[in-house]
Every structure is written in C-alpha cells, then in structure tokens.
1. Based only on other Cβ atoms within 10 Å, what is the fewest-to-most ordering of F305, F117?
2. Starting from 0.36 nm per residue, how many nanometres of slack lie between N464 and K586 once their C-alpha separation is accounted for?
3. Find, among the GluC sites (Glu not before Pro) in the range 577-649, those assigned to loop by DSSP (not H, G, I, E, B) with at most 14 other beta-carbon atoms within 10 angstrom.
4. What FRET efficiency would be calculated for the residue pair T300, L500, taking the C-beta separation as r and a Förster radius of 41 Å, to the nearest 0.05?
5. Distance in nm between label sites at D608 and K515, each 7 Å beyond Cα in the beta-carbon direction?
6. Evaluate the relative contact order of the range 418-673 (contact order divided by residue number), counting alpha-carbon pairs under 8 angstrom at least 6 apart; express in whole percent.
7. Convex hull volume of the Cα atoms in the range 71-140, per residue, in Å³?
8. Suppose the chain between D141 and K471 were pulled fully straight at 0.36 nm per residue; how much longer would it get relative to their current alpha carbon spacing?
Amino acid sequence: MAWCKQGLGDDALTALAWCKQGLGDDALTAFIFKGDGDKHEDNWKKLEKIGVGAYGEVFKAKVQLAANECEIAVKQIHIDKENAKKSAETELNAYNKLSHERIVKFYGFCSYDFEMFIFMEYMHLGSLASYIGKNGALKEDHVRHFSRQLVEGINYLHNKNVIHRDIKSVNILMKDKGNVKLTDFGICKILEDVSKASTTNIGTIRYMAPEMSQPNYGHSVDIWALGCVVLEMLTGLMPFSEIENQQVHYVLYKAEETPLNHLKCDLPVASMEFLQKLLKVNSSERPKIQDLLNNDNYITGANSFSMQLLLEENTVLKDELAKCLSRMEEMENKNKQLIQEHDEHLKICELDKTRTESCNLTTFEKAATNENNWERSFNLLTEDLSKSGTITPMEDNLLNFKECSQNPCHTGFIPVQNLKREHLPVDYQKNLSTAIQAMADLTVKVTVSLVSPGRPAVWPQHINKPYPTGKSGRLGSGIVCGLEKITRGVRQGGSIHKKLTTCPCNECKYSPTPKQEWWEATVQTAKQLIFDNTEANSANYMLFYDSYNSHGSYLNSFTMANSSTEMDLCRIKCTICDPQIADKLKNSLELMDSSLKKLDKELERLKDVDKLAVFVSHPHGLPKHVSLGEWKEKILVEGKKPYYQFTYSTNACEGCLGAFVYCLGYSGLTWWKSTIYGGPYV
C-alpha cells in the first residue's frame with residue numbers, strides 16, 4: 001500500500017506530502033534514494049548523527065522548502081531482522097494514533113530495501129539524559145516543571161490506551177530549556193481492549209516496574225518509570241546507579257527494593273513525598289496518571305521555574321510577575337536588615353508581632369524543633385503575595401531556605417568549621433573545644449523517608465498528649481555512641497554474631513568477594529524521629545557532612561537495637577567496612593570520652609554555677625552547626641535507672657531533633673544518653 005499523510009501540526013512541513021509506504025512493499029516513495037541511501041533527492045539531506053538505538057541511528061537532517069530550510073530528525077532503522085521490523089511497525093502504529101504537544105511530532109516515513117526512514121521533529125537540546133550528563137542534577141522547581149509536562153504526555157498516552165513501557169531519560173527529548181517531549185514508541189503497547197493487560201517482559205531494567213517480570217501488568221508501569229526519571233533529574237544519577245545491571249534484577253524482583261532504598265543523598269521534602277507515591281512496589285498503590293495531573297500539588301502547584309518561563313514568554317503576565325519578584329526581593333532585603341539589627345542576647349522573634357516570648361526557649365524534655373513557630377513567621381512573609389491569587393503560598397517547610405536567616409531567633413548557630421576558642425568560656429576552653437570537635441566528628445545527619453503505622457496515639461503516662469505522627473522526608477540528627485569490630489562473624493569481645501560471617505553492607509552483599517572484616521556502629525537519636533525498624537530502614541545516615549563542599553559518607557545496613565518511648569531514645573546498628581572511617585570514629589569516641597571526663601572533674605564544684613549547654617546538629621539539613629546556650633532547671637527522674645532532665649535556653653529548629661546535648665559537668669560514663677527530643681508536652 002502506498003499513501004500520503006500531511007505533516008502533523010507544522011504548517012511549514014505540510015508543504016511536503018511525506019509519502020508513507022507499508023513495510024515490505026517494494027514500490028518506491030516520492031523520495032528517490034540513490035546508491036546506498038546516503039545520497040537523496042533535493043527534498044531532504046542527511047547531516048550529522050545525533051543518536052544511536054538498538055536497530056539503527058538518528059540523524060539531523062535539513063529540508064528545503066522553497067527559500068527556507070527546516071531542520072528535522074531522521075530515524076534510520078535497519079529492518080533486515082524480524083525484531084527490528086516489529087519495532088518499526090509498533091512505532092509507526094503508535095505515531096499514527098498520537099498527536100500531542102508532549103509527544104515528538106511525526107511527519108511520515110519511507111522505506112527502501114532493508115532501510116526504514118522515520119521523519120520526526122528535531123529537538124535542539126537532545127535527550128534529557130545528555131542534558132543531565134552535561135549540567136548535573138536539576139533544581140527542584142525545574143524538576144517539577146518537567147514532571148508536569150511528562151505527566152501531561154503520559155496522561156494523553158493512557159487516554160489513548162497506550163502504555164509506553166520504556167520511559168527513561170534517553171527517550172525524553174528537549175526542545176529548549178523549558179520543554180520536554182516523549183519519543184521512541186518501539187516497544188509501546190496499544191491496548192485495543194482496555195480490560196486486557198500487557199504480558200510482555202520488555203523495557204530497560206533500571207526503569208522497569210517490579211510487576212514487569214510477571215504477566216498482566218498495566219498503565220502503572222509508566223508511573224514507576226516516571227518516578228525513576230524524576231529521581232534521576234533530582235540526583236543526576238540513574239536509578240540503582242551503584243549496582244550492576246545483573247544485580248538490579250535481584251534487587252528489584254527478589255528483594256523488592258525501590259531506587260529510594262539506594263538513595264545516597266537527601267532530597268527536598270516535597271520531592272521525596274512525590275517519589276514515595278510513584279515508586280510503590282505494589283502497583284495498585286500507585287496513583288493514576290489523571291489523579292497526578294489534577295490533584296497532586298507537586299504537579300499542579302506553582303513553582304519559580306515555571307513563573308520565570310512565563311515571565312520570559314508571556315507579555316501579558318510579565319509586568320505582574322515582575323512586581324511579585326521585586327516584592328519578594330524587597331522583603332528579603334528587609335529580613336537581612338532585621339538580622340543585622342538583632343540583639344544576640346534578646347532572642348525575640350520580630351517577624352511575628354503577636355508574640356513576645358522567645359521562640360527558641362525550649363526544654364530538654366520538650367526539645368522543641370520549634371518548626372511550628374518558625375513556619376508561622378515564615379508564612380506571614382508570603383501572606384500578602386498570595387492574597388492576590390497571582391502566586392500560591394510557598395510550601396510550609398524549612399527547606400525553602402538554605403539558611404536560618406529569615407528568622408533572627410535562629411542566628412545563634414555557629415558552623416563547626418567557624419567555631420573558635422573565643423566563643424567558649426575562658427576557664428575550660430581547651431577541653432571543651434576538644435570535646436565539641438569530637439562531638440562534631442561523631443554527629444550524624446538523619447533523613448527519614450517513611451512514617452511507621454506502628455506509632456502510638458499518645459505519649460506513655462501522658463494520655464492527653466498526642467504522640468507526633470511524623471512526616472515523610474523529616475530531618476534530624478544523631479551521634480555515633482559505640483563502635484565494635486567484627487571479623488568473620490566474631491565480635492571484638494569474642495562473642496559470635498548470630499547470622500553473619502561477611503559484611504552485610506550493600507556493596508558487599510552483591511559482591512562476589514564480600515569483606516570479612518567490618519565494624520558495627522551504634523547511632524543514637526530520638527525515638528520520635530525514628531520510631532521502629534520500618535523507619536530505621538527508610539532513613540539515610542550521613543557522616544562527616546562538615547561543609548557545603550564535603551560529600552560525607554553514608555552508613556549501611558540499619559537495625560533498631562533498643563529504644564525507649566518514654567525517654568525518647570533509640571539506638572540504630574549500622575555497618576561500616578571502610579577501615580579509615582572506622583579508625584576516625586574510634587579516635588573521636590576515645591577523644592570524646594577523655595575530654596568530657598576531664599571537664600567533669602574540672603567542673604565538679606562549678607557544674608551548677610556555669611550552666612552551659614552545647615550541641616552539634618544539622619539545622620534544616622545544613623552542614624554541622626554548634627549551638628551554645630544555658631540550661632535552666634535540673635529535674636531528677638526516679639526509677640530503676642534514675643536520670644536527669646534539663647530545661648535549657650538555646651537555638652533549636654528542624655534538623656536538631658535527636659542531637660546529643662552536653663550540659664556542662666554532666667556527662668559521667670553515660671554521656672551518650674543525653675539527646676534533644678520533643679517530649680510529651682510539645
């Protein structure tokens with residue numbers, strides 16, 4: 001059969017009636033290929049190669065239309081093999097059915113001998129994969145903008161009963177910095193009967209949903225793949241980037257893990273929550289594409305990247321958006337002025353005139369991250385901007401700002417690398433500075449992805465006080481309080497490990513030669529931050545995040561060792577098989593013990609006079625900061641194991657929960673039992 005189809009959606013190219021020919025038909029098309037196909041008539045001319053696929057190549061080409069030249073992409077497929085021929089047929093059938101702004105435009109095809117040429121829209125910036133490779137991870141607003149466009153494209157496909165089955169960054173092309181489109185429908189599935197599911201195991205393993213190893217899967221496989229692409233945009237790395245292809249199959253189908261289990265960096269809270277919806281192992285728990293398009297704030301909400309594009313492209317909104325941006329800049333300058341004028345000793349929040357109490361006063365028992373007070377102040381800043389309806393209020397989380405500079409009450413944090421002896425009391429500067437440095441080396445940044453269904457409704461012995469429900473993607477801190485070496489399953493003290501003879505970390509687990517020597521580190525934090533094993537296994541534990549330039553080191557293989565809801569303490573067992581990291585932690589633990597013992601002895605008579613309180617944490621997920629303050633009250637809690645509770649005045653905000661607190665002179669042999677927590681009164 002030989003028939004013609006006009007170009008889709010492009011007035012310039014409709015002047016060319018691309019001639020379409022059924023596969024296997026020997027009749028020539030309106031395009032006469034000469035020789036080996038590299039020389040053509042004057043209709044179009046092949047230029048440089050821009051891509052390579054399983055069955056052929058993609059070239060940039062130009063078309064001469066009267067006095068104008070138009071750039072197109074030409075996909076040249078070698079159809080001498082049955083698989084290639086079937087893939088070409090599938091792709092052409094899909095393109096015949098599809099026409100949408102988020103699908104690469106199709107202009108037609110022709111064949112000659114065993115070569116098929118598919119003519120498509122030329123996307124100037126190439127694939128999303130190559131863009132990420134050149135520029136690294138994208139900013140969250142950029143990711144949200146592209147995610148919206150991909151959801152629009154996938155929604156169109158699903159409404160047409162088409163499952164793409166191979167959504168990945170290589171198959172997403174960029175027209176410019178603000179527009180992406182889906183391409184490559186060679187293995188898509190067109191469901192003629194909507195009630196029938198696909199049964200073919202096909203796709204790219206790193207982006208394949210777990211159910212694709214089994215028959216009868218549906219549209220939800222594209223939702224999983226979308227999650228993988230979003231994760232890649234946020235991190236700059238492919239899903240399961242640290243694992244070989246053959247190991248991905250085991251991790252995905254046998255261990256039932258998701259790419260989030262192998263995440264090596266912290267993500268913005270909103271992005272993490274969005275990914276947790278998409279990357280559900282159980283396909284029935286993933287959202288429908290229509291729900292994402294209409295109801296998910298990550299997709300529907302405003303973001304600054306989209307606003308900037310509107311500012312550049314839409315002259316109608318340009319002036320209005322410019323005023324909003326100018327107002328935001330003006331308010332930011334006012335806040336900087338507030339901070340400069342702020343009295344360090346009078347920690348009163350000037351942003352909220354309705355409050356007169358200090359927003360950083362908290363208790364050791366009530367450890368307030370104070371995020372509610374902070375969010376209240378932050379929301380006042382954006383209130384008048386959102387009243388007009390021009391933009392929506394920013395999300396109510398502290399990650400929108402990388403510093404505490406929006407609130408004068410949080411300026412008392414000192415970056416660890418900037419801490420000097422002059423910041424400390426004169427009488428015991430040496431031992432205290434040594435202790436703080438050791439404390440900093442042992443401090444762990446904690447990011448928890450999940451919320452356990454096992455969290456109680458109320459605090460023990462406080463039936464009227466609700467227990468925190470938590471939130472996914474929450475931040476906190478912890479400290480390494482113990483380290484034990486294990487060799488071939490034998491512990492340092494001589495006892496035998498019940499289950500393991502080789503290192504259980506991810507790298508060793510999938511290695512043919514796992515290490516036989518490793519260390520078990522104990523990390524202490526607050527139980528309301530990590531309630532049980534479900535939350536412990538979903539968390540990231542990062543060591544040595546000392547500055548913006550440091551990459552830190554991640555701990556592996558997490559198990560809840562013991563915990564107390566009443567004391568709000570928990571301890572997590574983690575795995576280390578790097579001798580250098582283990583040696584550094586061992587030295588820091590010894591230094592911490594010795595320096596605190598010296599301080600306790602030095603301050604035996606003065607510990608209730610100089611009431612210094614100090615802790616190291618990751619406020620808002622930032623690199624390590626030191627907070628210096630003063631404890632106010634000391635309360636003895638009787639019981640089998642009596643302990644003290646302190647109230648204190650110092651800086652605390654999101655990310656401080658779970659940090660180790662040293663109240664001057666009160667460490668003894670159990671210094672690691674002190675921690676910031678929320679307590680039953682918050």
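1. With the sparsest Cβ surroundings first, the list reads F305, F117.
2. Taking N464 through K586 to full extension adds about 39.6 nm, to one decimal.
3. For GluC sites (Glu not before Pro) across the range 577-649 that sit outside H, G, I, E and B with at most 14 neighbouring Cβ atoms in 10 Å, the list reads E604, E638.
4. That pair, T300 with L500, gives E of 0.30.
5. In this crude label model, D608 to K515 measures out at 4.8 nm.
6. 22 percent
7. It comes to 132 Å³ per residue, whole-number rounded.
8. This chain segment gains 116.7 nm when fully extended.
Any read-out appearing in this document is the output of simple, stated calculations on the displayed coordinates, not a laboratory observation. This is a predicted model, so every value here is computed, not measured. A quick note on method: Cβ atoms are made from the backbone with ideal geometry, for glycine too, and the neighbour counts reach across all protein chains shown.
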